[in-house]
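Engineer: Got a structure for you, questions after.
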Amino acid sequence: MRFLRLFTPLAALALLAACGPAHEKPATAAPPPKLPGPDIATLTDSAAPAALLAYGRQYPGSEVLFETRLGNIRVKLYDDTPIHKANFLLLARRGVFDETVFNRVIKNFAVQGGQTSESRTIVLWRYRLPPEVRPNHFHFKGALGMARYDDEENPHRLSSNTDFYFTVGQKLTPSQAKATASRPLTPAQLKTYATKGGVPALDGFYTVFGEVVEGLDVVEKISQVPVNPNDKWPVQDVGMKVTVVK
């Protein structure tokens, strides 16, 4: 899965001073409340796993809601991918995804999100996550996975911290699924690929850490939007607001 590089423009903050009588001291804005958890700006490839595991234990969560202009998507996060799960919960609670868009849409394959549009100013820190590939998690339609970049310089296949994707794919007969799969598939997985669809060629290469439980039709709508033929970026941005709901 090809990646577009993350942009890192600096955010500009405008401070407005209130005018009052000369004898009064100017009001000072209260500092924003400090949110629990690690400082995202200080996380590195080596430091992120321990920090995220500790965060996930202290501030658990299991479901997130994506709100988009095409509808809402409710997602369950898997317990046996704890680093990816905690990272997603942390970034959702910090509002990171609220400043991003679905930036790569490939019909009958996947819709990828987590990057900024040219008009956004959020800074995206590029620490990466160790893979948590599990044989019981596979790329059926609606599976949530984490993408990665720079494979030539990323021999350990570390995941991106922000670039996620929803699998779309197509329905495949058992023989078709076996022919394109990168690892053995169970009878149950073959049945799911036949009845629901997906992309078995991605199995074993990317971490699947959640699945859509409501709003699969919205994922389908996003997969159908017009895109720029060069980079598959939607012609009209599909933004999102992501909140932890459970």
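Please treat every number below as a calculation from the coordinates, not as lab data. Note that the structure is a prediction, hence the values are computed from the model and not measured. Cβ coordinates were reconstructed from backbone atoms using ideal geometry, including for glycine residues, and neighbour counts include every protein chain displayed.
Engineer: With charges set only on the Cβ (+1 for Lys and Arg, -1 for Asp and Glu), what does the dipole of segment 159-228 come to about its Cα centre, in debye to the nearest 20?
Structural biologist: 340
Engineer: Identify the chymotrypsin sites (Phe, Trp or Tyr not before Pro) of segment 40-90 meeting these criteria: DSSP loop state and at most 12 other C-beta atoms within 10 Å of the C-beta.
Structural biologist: Taking segment 40-90 and a limit of 12 other Cβ atoms within 10 Å, no loop chymotrypsin sites (Phe, Trp or Tyr not before Pro) are found.
Engineer: Based on the Cβ-Cβ distance from residue 150 to residue 44, what FRET efficiency comes out when R0 is 25 Å, to the nearest 0.05?
Structural biologist: The calculated FRET efficiency here is 0.95.
Engineer: State, as an integer percentage, the relative contact order of segment 115-246 based on alpha-carbon contacts under 8 Å between residues 6 or more apart.
Structural biologist: 28
Engineer: Let me ask another. What is the set of long-range amide H partners of residue 170 at a cut-off below 5 Å, with H atoms built 1.01 Å from backbone N?
Structural biologist: The answer is 198.
Engineer: With the Cα gyration tensor of segment 99-246 in hand, give its eigenvalues times 5 under a square root as the equivalent ellipsoid semi-axes, listed largest first in whole angstrom.
Structural biologist: Equivalent ellipsoid of segment 99-246: 25, 19, 14 Å, largest first.
Engineer: Summing Lys, Arg as +1 and Asp, Glu as -1, what charge do residues with Cβ under 15 Å from the Cβ of residue 180 carry, residue 180 excluded?
Structural biologist: Counting the neighbours of residue 180, the net charge comes to +3.
Engineer: Select from segment 130-162 those trypsin sites (Lys or Arg not before Pro) which occupy a DSSP coil region and have at most 15 other Cβ atoms within 10 Å, ordered by residue number.
Structural biologist: Hits after loop and neighbour filter: 157.
Engineer: Would you kindly compute the Cα radius of gyration of segment 149-230 and its largest Cα-Cα separation (Dmax), both in Å?
Structural biologist: Expressed in Å, the Cα Rg and Dmax of segment 149-230 come to 14.6, 38.
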